[in-house]
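Structure record follows, encoded as structure tokens.
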Amino acid sequence: MKILITGGTGFLGRSLCAALLEQGHAVTVLSRQSADAVGRLCGGQVKPLSDLAAWRREEVFDAVVNLAGAPVFDRHWSAARKTLLWESRVGFTQRLVARMAETGAPPQVLLSASAVGIYGDCGERALTEEAAPAEDFLGRLCAAWEAAAMGSGRLGVRVCLLRTGLVLHASGGMLRRMRLPFRCGLGARLGDGRQWMSWIGLEDWVGVAMMLLEDGGAAGAYNLTAPQPVTNAEFTAALAQAVHRPALASAPAWLLRGLLGERASMLLGSQRALPQKALMSGYRFKKAKLAF
């Protein structure tokens, strides 16, 4: 297939590029980074695309994978930051769909990023893809992001929404950031540690994405999470054990809310998301249980 990936220079995009290239697909990466940087990060075989305007009408893609979006957790959620987060996801996806229509030959399938944050804080409740979006900022952001992607359905495009949990791999993402403080003995439970964390190994995230690209019957929202979510206390204990350091402390919820404001919901909110549709599609997880 000929595949366009937006946000392809990121942690997930780079891994997906490598898997697609290995299988012989032709990959184009849309990125604001230079062509040299795209080649260095994603592979010399990847074709760079500077922006949507550079997508020529005669260039037809079989699939588009939309992973673009500014980092959510890195900065305080000021009004300006919220606007940027919305524009980089919802606004960009709307422009992407509009560009698909303008080319006159839209792709067969669109895989568009989302997150389990769409469900909000749901306590102990198990969450399949049928669960309703929350009314907090992340819930509204993800719901609007998904709605923008679903707009391509009017063009006859098959749409899959990637509701992604915490993606784990030593090479990058949140786990890479967490290892250093844990190795220094600074690992700690967040709040009471009872909140559920939906995670997925990087290899499985790529595996499910590849399955959705190839399965012509796959459509709608998919929880890209492992079958066995864990509580924050279980996650903390497992990572501490893996780096051979204690993690006996806890970061009180009131302190996290004071320091992070609304962003604290990303650490304290409970999402027990289950990959019901991926399992029903026959996907076999390589990493079903948490291990570092």
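Tell me whether region 173-278 comes out rounded, prolate or oblate; compute the Cα gyration tensor, take square roots of the eigenvalues as a ≥ b ≥ c, and use a/c under 1.5 as the rounded threshold.
Verdict is prolate for region 173-278.
Can you tell me which of 205-212, 190-197, 4-11 comes out highest on packing, and rank the rest after it, using the mean Cβ neighbours within 10 Å?
Descending mean neighbour count gives 4-11, 205-212, 190-197.
What lysines could a cross-link reach from Lys286, if we take a straight Cα to Cα line under 21 Å and drop same-chain neighbours fewer than 8 places away?
Result set, ordered by chain and number: Lys277.
Defining a contact as two alpha carbons under 8 Å apart and six or more residues distant in sequence, what relative contact order in percent does region 55-145 show? Spell out each step's value before the answer.
Numbers: 90 pairs, mean separation 31.2, N = 91.
Computed over region 55-145, the figure is 34 percent.
I need the trypsin sites (Lys or Arg not before Pro) found in region 83-189, filtered to DSSP loop residues with at most 13 other beta carbons within 10 Å of theirs. It would help to have the intermediate numbers written out before the result.
Details: sites: Arg89, Arg95, Arg99, Arg125, Arg140, Arg154, Arg158, Arg163, Arg176, Arg177, Arg179, Arg183, Arg189; in loops: Arg125.
Taking region 83-189 and a limit of 13 other Cβ atoms within 10 Å, the loop trypsin sites (Lys or Arg not before Pro) found are Arg125.
Around Gly220, which amide H atoms from residues at least 5 apart in sequence, or from another chain, sit under 5 Å from its own amide H, with H modelled in the peptide plane?
Excluding prolines and chain starts, which carry no amide H, the hits are Val159, Cys160, Leu161.
Please label the shape of region 1-66 as rounded, prolate or oblate, based on the square roots a ≥ b ≥ c of the eigenvalues of the alpha-carbon gyration tensor (a/c under 1.5 means rounded; beyond that, a/b larger than b/c means prolate, else oblate).
Oblate, since a/c reaches 1.5 and b/c is not below a/b.
Please say if the chain is rounded, prolate or oblate, where rounded means a/c under 1.5 for a ≥ b ≥ c the square roots of the C-alpha gyration tensor eigenvalues, and otherwise the choice is prolate for a/b larger than b/c and oblate otherwise? Let's see the in-between values first.
Details: a/c = 1.67, a/b = 1.59, b/c = 1.05.
In terms of gyration-tensor shape, prolate.
Counting Lys and Arg as +1 and Asp and Glu as -1, each charge on the Cβ, what is the dipole of region 130-227 about the Cα centre in debye, to the nearest 20?
460
Would you work out which of Ala209, Gly172, Gly120 lies farthest towards the positive end of the dipole of the chain? Charges go on Cβ: Lys and Arg +1, Asp and Glu -1.
It is Gly172.
What lysines could a cross-link reach from Lys47, if we take a straight Cα to Cα line under 20 Å and drop same-chain neighbours fewer than 8 places away?
Straight-distance partners of Lys47: Lys2.
Just tell me the longest site-free run in the chain, where the sites are GluC sites (Glu not before Pro) in a DSSP loop having at most 13 other beta-carbon atoms within 10 Å.
Answer from the scan: 136-292.
Projecting each Cα onto the charge dipole of the chain (Lys/Arg +1, Asp/Glu -1 at the beta carbon, about the Cα centre), which of Pro246, Ala19, Leu279 comes out farthest on the positive side?
The residue sitting farthest along the positive end of the dipole is Pro246.
For labels at Thr128 and Lys289 in the simple 7 Å Cα→Cβ model, what's the distance in nm?
2.6
To make sure I understand, if each residue's beta carbon is the centre and we count other beta carbons within 10 Å, what order do Tyr119, Tyr283 fall in, fewest to most?
In increasing order of surrounding Cβ atoms, one gets Tyr283, Tyr119.
Counting only C-alpha contacts under 8 Å and six or more residues apart, can you give the relative contact order of the chain as a whole percent?
Value for the chain: 18 percent.
How high is the FRET efficiency from His76 to Arg194, r the C-beta distance, R0 25 Å, rounded to 0.05?
Taking R0 as 25 Å, the efficiency between His76 and Arg194 is 0.40.
Read-outs throughout are calculated quantities, based only on the coordinates presented, and are distinct from any laboratory measurement. Not measured: the values here are computed from a predicted model. No Cβ is skipped: glycine too gets one built from the backbone with ideal geometry, and neighbour counts run over all protein chains shown.
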